[in-house]
Every structure is written in C-alpha cells, then in structure tokens.
Amino acid sequence: MSDSNNAHNVSYLDYKGQYKGLSAWIFSTDHKRIGLLYLYTMLAFFSVGAILGLLMKTELIAPGATIMGPKAYNALFTLHGIIMIFIIVVPGLPAVFGNFFLPIMIGAKDVAFPRLNLLSWWLYVIGILIVLTSQFLGDGPPDTGWTFYAPYSFQTPANVLPAVFGAFVMGFSSILTGINFVVTIHRMRAPGMTWFKMPLFPWTLYGTAWIQILATPVIGITLLLIVAERLLGIGIFDPALGGDPILYQHLFWIYSHPAVYIMILPGMGVISEIIPVFSKKTIFGYKAIVLSTMAIAFVGYFVWGHHMFTSGMSGRALYTFSFLTFLVAIPSAIKVFNWVSTMHKGSLDMQTPFYWAVSFIFVFMIGGLTGLVLGSLATNVHVHDTHFVVAHFHYIVFGGTGYAFMAALHYWFPKMFGRMYDLGWANLGWGIFFIGFNALYLPMFFLGMQGMPRRYYDYLPDFHGGNIISSLGAWVMISGIIIIFANLIRSARHGKKTTQKNPWGGKTLEWQVETPPTLENFEEIPTIEKGPYHFGE
Amino acid sequence: MIEHRDDLASKMGMWLFIFTELLLFGMLFVVYAVYRSMHPEAFKLASEELDVVLGTFNTVILLISSMTVAMSITSIQKGNKKLAMTLLIITLVIAVVFLVNKYFEWGSKFEYGFNPGGEELLQLGHGTILFFGLYFVMTGIHAIHILIGVGLFIYVLLQLRKDKIHQTDYIWLENTGLYWHLVDLIWIFLFPLLYLIH
Ligand code: HEM
Ligand SMILES: [Cu+2]
C-alpha cells in the first residue's frame with residue numbers, strides 16, 4: 001500500500017502520477033477524478049444559482065419593488081436559468097456520476113477516450129467562463145431568459161453574445177461526453193455483460209448519450225445563427241428582413257425538449273439502482289424500464305411543439321403535438337409502476353438514499369401529471385407562460401433531476417470518498433428540504449391558474465397570499481440545502497473512514513471493488529454471469 | 001497507466017461525431033428549404049448572381065482532395081511513408097486553394113454590397129436578403145470546417161514525420177480522412193443548393 005505509484009492497489013484519491021497538487025486533478029484523465037471535477041464545479045455554480053433564486057423569491061414576497069427593480073429581476077432570472085439548465089442539469093448526472101460509475105458498473109478501467117473526457121471538462125469550464133463575462137462586460141447582463149427568444153435576443157442592447165456563445169461551447173462538451181459514453185458502452189463492457197445484463201443506470205446513460213449526440217447539434221447551429229444575427233444581421237430570424245422568429249422557437253425546442261430527457265433519464269437510472277437495493281428485491285420489469293428508456297429517447301424528439309401552442313401553428317400541428325406529448329408520458333408512467341412494484345412486499349431499509357428516491361417518485365409524479373395539463377391544448381392556453389409552468393418544470397427538473405442527484409450523492413458517497421456522512425444530519429436536511437421544496441413550488445400551481453404570469457418582478461395584490469408561502473418555502477428549502485451540503489462537505493474531509501466495500505448491500509459491480517476504488521478500478525476484469533439485480537429471493 | 005488502444009472504438013467515435021456535423025448542417029438545409037419555398041423566385045434570381053465557374057472549380061478540386069487523402073491512407077497501410085506525406089501535402093494545398101477561391105468569391109460580393117447588412121442588399125427584397133444571409137452562413141461555417149481540416153492535416157503530417165503515425169498505427173490519419181470526406185460531402189450538397197438549382 002505504501003507505493004503510491006502502483007495503479008493496482010492505491011486509491012484513486014492517493015495516486016501520485018506525473019502531476020502534483022491542483023494539476024493532478026485538472027489534468028487527470030482518470031474518469032473518477034474527472035467526475036469529481038464536475039461535481040465541485042457544479043456545487044459551486046449550483047450555490048450561485050440557488051442564491052439568485054432566493055433573491056428572486058425574496059423580491060416576490062410582496063407586490064411592487066421589494067429589493068430590486070425590473071431590470072435586476074430580468075437579469076437574475078436569465079442568469080439563474082442559464083446556470084441551472086446549461087451548467088447544472090444538462091451535464092448533471094452523466095458528467096458526475098456517469099463519469100465516475102459508468103466504467104466501474106460495466107467492468108471497465110476507464111471510458112473509451114480518457115483524454116477526450118478531460119477535454120470535455122475543459123470545454124465545459126471555458127464555456128462557463130465565457131458565460132460569466134456576459135455579466136461584467138458590455139452593456140449590462142443579458143435579460144432574455146435562458147431561452148434567448150428571437151427577435152429580442154438580437155435587439156436588446158444587453159450583452160447576450162457571450163451567454164449564447166458560452167452555451168454553444170458547453171454544448172460541444174456535452175456532445176463529446178455523449179460520444180464517449182456510447183462508444184464506451186459498445187466497446188468496453190466486461191466479458192459476459194450482454195446488453196440485457198447491463199445495470200439500469202448505464203442503460204439510461206446510453207439513451208441520454210444518444211440524445212446528446214443527436215439533439216445538441218441543433219441547439220449548436222441555432223445559437224450560432226443568433227450570434228450571426230447579432231453580429232452581421234443576416235435576417236434569418238429578423239421579421240424586418242423577412243426572417244421568422246417562430247422558426248427560432250422551433251429550432252430551440254427541437255433541441256430543448258429532448259434536452260429535458262437528457263436531464264431526467266439518468267435520474268430515472270439512479271432511482272432504478274437505489275430502489276431495489278433498499279427494498280432487497282430484484283427490480284420489477286427490468287426490460288420494461290430499458291425499453292421505456294429508449295422509447296422516451298425516441299418519442300421525445302417529436303413533441304417540441306408543445307412549448308409553442310400559443311405561438312401560432314396550424315390546427316393539425318397543434319393536436320398532433322398534443323397527442324404525441326400524451327404518448328411520451330406513458331413510458332415515464334411505466335417506470336413509476338416498476339419502482340412501486342419493486343418496493344411492494346420488499347423488506348425496506350429506510351436510509352437516506354432511499355428517502356431521496358421515494359420522495360423523487362412523489363415529486364416526479366406531480367411534475368409529470370401537471371405536464372399533461374400543459375400538454376392538452378385547452379388548458380395550456382390558460383396557463384401558458386404563468387407560474388404554473390414554472391411550478392411544473394421545477395417539480396420535474398429540480399424535483400426529478402435534483403432529487404435524483406441528491407439520492408446518487410448519498411448512495412455513492414461512501415464509495416467515492418471512502419468516508420461516511422452523518423446519517424442524522426443527512427435525514428434532517430432531507431426533511432427540511434422536502435417541506436421547503438413543496439411550500440415553495442406547490443403554491444405556484446395555484447398562482448398560475450389564477451393567472452400570475454412568469455418573469456415579472458411585480459404582481460397584482462390578489463396573488464400576495466400564495467407568494468408569501470412560496471417565498472418562505474424558499475428560505476426553508478435553502479436551510480435544508482445548507483444542512484445537506486455542510487454535512488457532505490464536512491464528511492468528505494473528516495467523516496468516519498470506511499473501507500467497507502458494500503455498505504448498502506448492492507449487487508452491481510461498483511460494490512465489489514475497493515472503497516475508494518483503485519486507480520484502475522479492477523485488478524482483473526470480472527466476467528459477468530448473472531443479471532445485475534440478484535437478491536436471491 | 002498503459003493507454004489501451006482500440007482503433008475500432010476511435011473510428012466509431014469519429015462516425016458519431018460526423019453524425020453530429022450532418023445534423024448541424026441538416027438544420028441549415030431545413031432553414032434553407034423553408035425560406036426557398038417561401039421565396040422561390042427571389043432565390044432563383046439570387047442564385048444566378050453566384051459564380052458557377054468558381055464554384056465548379058472548387059467542387060472539382062475538393063473531390064480530388066478526397067481522393068488524395070484516401071490514397072494517403074492506403075499508402076501508409078502499405079508502409080510507404082513518403083508517398084503518404086506527399087499525397088497529404090497535395091490535399092493540404094488543395095484545401096488552401098479552396099479557401100483562397102472562397103476569399104475572392106466573398107470579396108466580390110462585398111464589393112457589390114451583397115454582404116449581410118450591405119447597402120445594395122438591403123435595397124432588395126426579403127427573399128434576396130435571406131438567400132445571401134444563408135449563403136454567407138452556410139459557406140462560412142463550411143469554410144471554418146476547411147480551416148479545421150488544414151489544422152488537422154498539419155498535425156498529422158508532423159506526426160507522420162516523427163513516425164508517431166506509421167503502418168500499424170494510423171488511426172489519426174484515417175479519422176482525419178473521414179473528417180475530410182465529411183467536409184467534401186457537405187460541399188457536394190451546398191454547391192447545387194446554392195449555385196445550381198434554378
Ligand atoms: C410527463 C411528461 C411531461 C409533459 C407531458 C410535459 C409537458 C410540458 C409542456 C406542455 C410544457 C410547456 C408549457 C408552456 O410553456 O405552456 C412544459 C414546459 C417545461 N417542461 Fe415539461 N413535460 C414533461 C416532462 C418534463 C421533464 C421530464 C422535464 C425536465 C427534466 C420538463 C421540463 C420542462 C421545462 C424546463 C419547461 C419550461 C420551459 C420554459 O418555457 O422555460 N418537462 N412541459
Ligand atoms: Cu417539452
């Protein structure tokens with residue numbers, strides 16, 4: 001053990017390679033270190049995004065300008081959206097846990113292209129830096145919202161250019177990660193691991209990676225066209241020159257709807273890992289989960305129009321998009337049935353990751369069902385661009401992806417750091433967070449139905465009641481987040497050391513390697529004989 | 001750590017990347033199709049303003065360069081390093097010639113005020129403005145790809161000279177070749193769409 005250069009028996013955290021200090025991380029091609037690089041970057045920016053959100057909620061605690069005016073509010077929701085969507089949830093689970101655990105779970109020593117993987121992280125960071133310059137240079141921070149709708153995005157004097165270009169660069173990073181994962185899964189599964197013996201988290205990463213490859217170029221070119229429009233005035237989205245701003249909306253959502261599945265599919269994968277382990281039961285309907293994952297990835301391409309029901313479309317297009325939107329909800333519902341059936345008659349082990357997983361199912365269902373309200377034409381017209389939409393996507397993106405992220409963090413934490421967190425604090429943090437979360441977002445559904453629009457710093461006095469609850473909820477939720485993060489950060493450095501390989505009784509490969517894993521994960525590549533979830537009941 | 005080598009994986013990664021490029025240009029083709037169907041007359045007239053002779057010349061040399069890069073790969077497979085390098089240099093020169101032609105072609109458009117935001121262009125109808133907007137965006141993004149190709153050729157040539165690329169390990173050359181075929185292929189679509197259909 002003393003020889004910290006030997007890749008076989010030294011933990012990836014202690015390994016001393018050719019670089020030292022910080023360079024040993026930011027130039028490391030080890031998939032585990034890259035995963036942690038993403039984790040730390042995201043943690044930092046999530047905190048920024050959360051503070052921006054808290055400021056907005058504080059502004060909305062009373063009608064009129066409370067702590068800021070319209071300009072500041074517009075800048076805040078734009079930056080909040082860009083950070084949360086492009087920096088946090090799109091790379092999200094694949095970049096952190098996919099990088100760390102995909103190779104281990106399929107019995108490989110690394111991803112197919114380790115150096116490309118490092119390049120992805122670098123592009124991601126460069127993209128972030130470019131986005132940040134939009135805040136400080138030029139004529140003020142962008143105020144378009146994260147959607148950069150034309151024609152405003154090339155007419156506003158605000159500094160939209162770096163924000164758009166930064167998002168473009170991050171898209172590049174996302175594509176490269178996608179390519180890396182698809183090739184890794186095709187070429188590097190351990191002997192005996194047939195497609196249907198592959199665990200579900202890798203499966204969802206596979207579906208996600210395909211969407212990353214096939215959808216991201218669309219946003220890439222769309223953002224480039226906005227850049228060209230701003231710099232050169234080519235006219236493609238400019239009605240004054242004959243262009244069509246609605247075309248921008250189409251192109252934007254052709255990517256951005258599939259992108260919501262980039263956000264949620266890996267989360268579904270994490271939940272599919274955790275539920276069987278803490279129910280001590282084989283997952284119910286493994287194949288149904290796999291097929292519904294691929295179905296979502298496929299049908300998800302054909303529903304983008306549901307974001308544009310009020311933008312002007314032919315009647316036939318309207319009901320086609322509405323119908324397909326209802327179709328795409330089915331595979332998600334199938335998964336919910338699978339998870340619930342897995343828990344049915346299981347011997348439940350109530351631990352922190354399981355709390356997160358179960359609450360995921362709860363909030364995900366609220367988010368999904370309200371998605372159907374939005375997907376049906378008549379109701380959409382009533383609540384489009386109101387707080388109802390804001391509540392819907394927070395229940396799904398934050399409730400879904402966010403909860404899954406927390407579940408993953410608490411599930412794999414001991415493996416990643418070789419230390420255990422304090423369970424009491426973790427559970428307390430979860431409880432406070434859960435209460436705050438619902439207090440924050442649930443009232444927004446009602447406010448939206450009453451007609452409170454989104455993206456305004458002010459509102460009619462009629463909406464005051466709901467907003468008070470919502471804003472107080474935000475403060476409660478942030479308290480929960482602080483407890484959770486403080487506990488995890490403290491534990492990563494000073495928590496009780498553990499070398500126990502399998503604290504939760506999991507059956508997938510990551511629980512058979514050392515804790516923390518060695519540099520090369522496996523001394524010998526394992527041969528797989530059984531499916532991934534054999535609990536021998 | 002020993003770098004593990006899997007040429008098939010590298011090629012697969014390259015093909016996936018090519019997919020993403022096709023989608024990127026595919027969306028431009030969609031935008032082109034939409035506006036062409038809205039302004040068929042203006043697009044027809046505007047496309048007659050383009051220099052078909054120069055365009056044809058560029059098409060021909062680009063096709064030849066696709067052939068030379070393919071031949072370069074075959075040469076390295078046969079272990080003929082010198083021939084591989086010569087063929088690659090020819091490819092590189094053709095790429096540069098293509099860009100020089102493009103420069104003159106664009107230059108003449110600027111001269112006549114047909115650039116985006118140009119005085120002349122803004123006098124004309126919406127269809128013409130959109131055509132030239134698309135013309136500059138599409139050929140511009142394609143030219144950036146040519147430029148990246150030039151960079152790749154230089155890198156591969158250096159690696160060849162240092163014998164880092166050789167008879168049994170030439171995946172960089174092969175993938176660069178794939179990339180170049182893609183750049184060529186996209187031009188094969190751009191050329192008729194912009195210059196030929198009347
Ligand atoms: C049951 C499945 C779902 C259905 C039926 C659905 C439906 C919809 C509809 C119709 C809208 C447009 C509302 C409007 O603007 O009028 C919408 C907005 C949105 N959805 Fe969903 N959705 C579903 C799942 C998801 C998932 C899984 C995510 C992300 C992980 C998501 C994220 C969003 C976001 C971010 C928006 C708002 C975009 C914006 O305008 O800023 N949705 N959803
Ligand atoms: Cu959508």
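Relative to the longest principal axis of chain B, what angle (0 to 90°, nearest 10) does the C-alpha long axis of helix B:81-111 take?
Taking Cα atoms only, the helix is inclined about 10 degrees.
In nm, to one decimal, how far is the A:Leu291 label point from the A:Thr156 one, both placed 7 Å along Cα→Cβ?
Each label point lies 7 Å from its Cα, and together they span 4.6 nm.
To the nearest 0.05, what FRET efficiency results for A:Thr320 and B:Leu45 with a Förster distance of 30 Å applied to their C-beta separation?
On the way: r = 36 Å, r/R0 = 1.19.
My answer for the efficiency is 0.25.
How many nm is it between the label spots at A:Lys497 and A:Asp14, if each spot is 7 Å from the Cα in line with the beta carbon?
Rounded to a tenth, the inter-label distance reads 0.7 nm.
On full extension of the chain, what length is gained from A:Leu442 through A:Val373, given 0.36 nm per residue of separation minus the C-alpha to C-alpha distance?
Values: separation 69, 0.36 × 69 = 24.84 nm, distance 1.50 nm.
23.3 nm is the gain from fully extending A:Leu442 to A:Val373.
Of all the Cα-Cα pairs you can form in segment A:366-414, what percent are over 18 Å apart?
39
Convert 10 °C to kelvin, take the viscosity as 1.306 mPa s, use the Kirkwood radius over C-alpha pairs of the protein assembly as shown as Rh, and evaluate the Stokes-Einstein diffusion coefficient in µm²/s, rounded to a whole number. Before the final figure, lay out the partial values.
Numbers: Rh = 27.5 Å.
Value of D from the Cα-based Kirkwood radius: 58 µm²/s.
Would you work out the relative contact order for segment A:28-511, in percent, from Cα pairs under 8 angstrom that are 6 or more residues apart?
Working: 786 pairs, mean separation 79.2, N = 484.
Relative contact order here is 16 percent.
Which whole number gives the average count of other chain Cβ atoms within 10 Å of the Cβ atoms across peptide B:20-27? Provide the component values of the computation, followed by the final result.
Working: counts 14, 2, 1, 8, 9, 2, 3, 11.
What the average comes to for B:20-27 is 6.
For the protein assembly as shown, what is the calculated [θ] at 222 nm in deg cm²/dmol (nearest 500), taking -39500 (n - 2.57) for each run of four or more DSSP H residues and dividing by its residue count? It would help to have the intermediate numbers written out before the result.
On the way: 24 runs with 490 residues, N = 735.
Calculated from helices alone, the mean residue ellipticity at 222 nm is -23000 deg cm²/dmol.
Which of B:Glu111, B:Glu48, B:Glu174 moves most in a GNM of chain B, Cα contacts under 10 Å?
Looking only at B:Glu111, B:Glu48, B:Glu174, the biggest GNM fluctuation is shown by B:Glu111.
Starting from the Cα gyration tensor of segment A:93-205, multiply each eigenvalue by 5, take the square root, and state the resulting semi-axes largest first in whole Å. Before the final figure, lay out each step's value.
Working: eigenvalues 287, 36, 17 Å².
Equivalent ellipsoid semi-axes, largest first: 38, 13, 9 Å.
Could you order the peptides B:36-42, A:274-280, A:516-522 from most to least packed, using the average number of other C-beta atoms within 10 Å per residue?
The peptides rank, most packed first, as A:274-280, A:516-522, B:36-42.
Which FRET efficiency value, to the nearest 0.05, is calculated for A:Ile482 and A:Tyr40 with the Förster distance at 22 angstrom and r the Cβ-Cβ distance?
Values: r = 17 Å, r/R0 = 0.79.
Rounded to the nearest 0.05, the efficiency is 0.80.
How large is ³J(HN,Hα) for each residue in segment A:78-88, as worked out from phi by the Karplus curve 6.51 cos²θ - 1.76 cosθ + 1.60 (θ = phi - 60°), to whole Hz, x for Gly and Pro?
Per-residue couplings from phi come out as 5, 5, 4, x, 4, 4, 5, 7, 7, 9, 9 Hz.
What distance in nm separates the two pseudo spin-label positions at B:Asp6 and B:Met67, each 7 Å out from Cα along the beta-carbon direction?
Simple spin-label model gives 3.7 nm for this pair.
In segment B:69-132, what chymotrypsin sites (Phe, Trp or Tyr not before Pro) fall in a loop by DSSP, with at most 16 other Cβ atoms inside 10 Å? Each step should come with its number before you reach the end.
Working: sites: B:Phe98, B:Tyr103, B:Phe104, B:Trp106, B:Phe110, B:Tyr112, B:Phe114, B:Phe131, B:Phe132; in loops: B:Tyr112, B:Phe114.
Sites meeting the loop and neighbour criteria: B:Tyr112.
By how many degrees, between 0 and 90 and to the nearest 10, does the Cα long axis of helix A:352-375 differ from the longest principal axis of chain A?
Roughly 30 degrees between the two axes.
I'd like the orientation of helix A:403-417 relative to chain A: the angle between its Cα long axis and the longest Cα principal axis, in ° from 0 to 90, rounded to 10.
30
Report, in whole Å, the centroid distance computed from the Cα atoms of segment A:493-529 and segment A:332-353.
Taking the Cα centre of segment A:332-353 as reference, the centre of segment A:493-529 is 24 Å away.
Every number here is computed from the coordinates shown, using simple stated rules; none is lab data. Nothing here was measured: the structure is a model prediction, and the numbers come from that model. A quick note on method: Cβ atoms are made from the backbone with ideal geometry, for glycine too, and the neighbour counts reach across all protein chains shown.
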